[in-house]
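Let me begin by presenting the structure, written as structure tokens, before commenting on it.
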Amino acid sequence: MSSGSRANVQSGSSVAEASSSAGSTQQLASGRLPLGEVVVDAVKRWYMDAHRDALKGDVKQQALLGQMLTEGYGCTADAAAGKDWIDKARRRGYKMSGVYCEI
């Protein structure tokens, strides 16, 4: 795995932790978080889940992680690390189609 990918995971998890603790200060009068903050947190958690499963060898999650890294979806964009994960998924036989075919 490239060091860029590791840096994204570390910054992604610390950002998620920071946003969950800081997010509580921006609650609406109803006591709920604004929907935008909830979505941002969910996308960061999705990235972390995809990364965990990609490391375990899930080829679909490797392709997804590559796309997320390329786009900066839930993490800091890192095109080189994204390409590495996408190439790994392709080498393992994953047919890039649908969302991932435009990479």
Placing each pseudo-label 7 Å from Cα in the direction of the beta carbon, L35 and K95 end up separated by a distance in nanometres of 3.7 nm
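Please give the contour-minus-distance gain from A80 to D53: 0.36 nm per residue of separation, less the Cα-Cα distance, rounded to one decimal in nm.
7.8 nm
Where does the charge balance sit around V59 when Lys and Arg score +1, Asp and Glu -1, over other residues with C-beta under 15 Å from its C-beta? Each step should come with its number before you reach the end.
Details: positive: R52, K56, K60, K88, R90, R91, R92, K95; negative: D53, D58, D84, D87.
Residues close to V59 contribute a combined charge of +4.
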By the mean-Cβ-within-10 Å protection proxy, highest first, 47-54, 35-42, 74-81 rank as 47-54, 74-81, 35-42
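Each value in this text was obtained by applying a stated rule to the coordinates, not by laboratory testing. Given the structure is predicted, the values throughout are model-derived calculations rather than measurements. All Cβ positions, glycine included, derive from the backbone under ideal geometry; neighbour counts span all protein chains shown.
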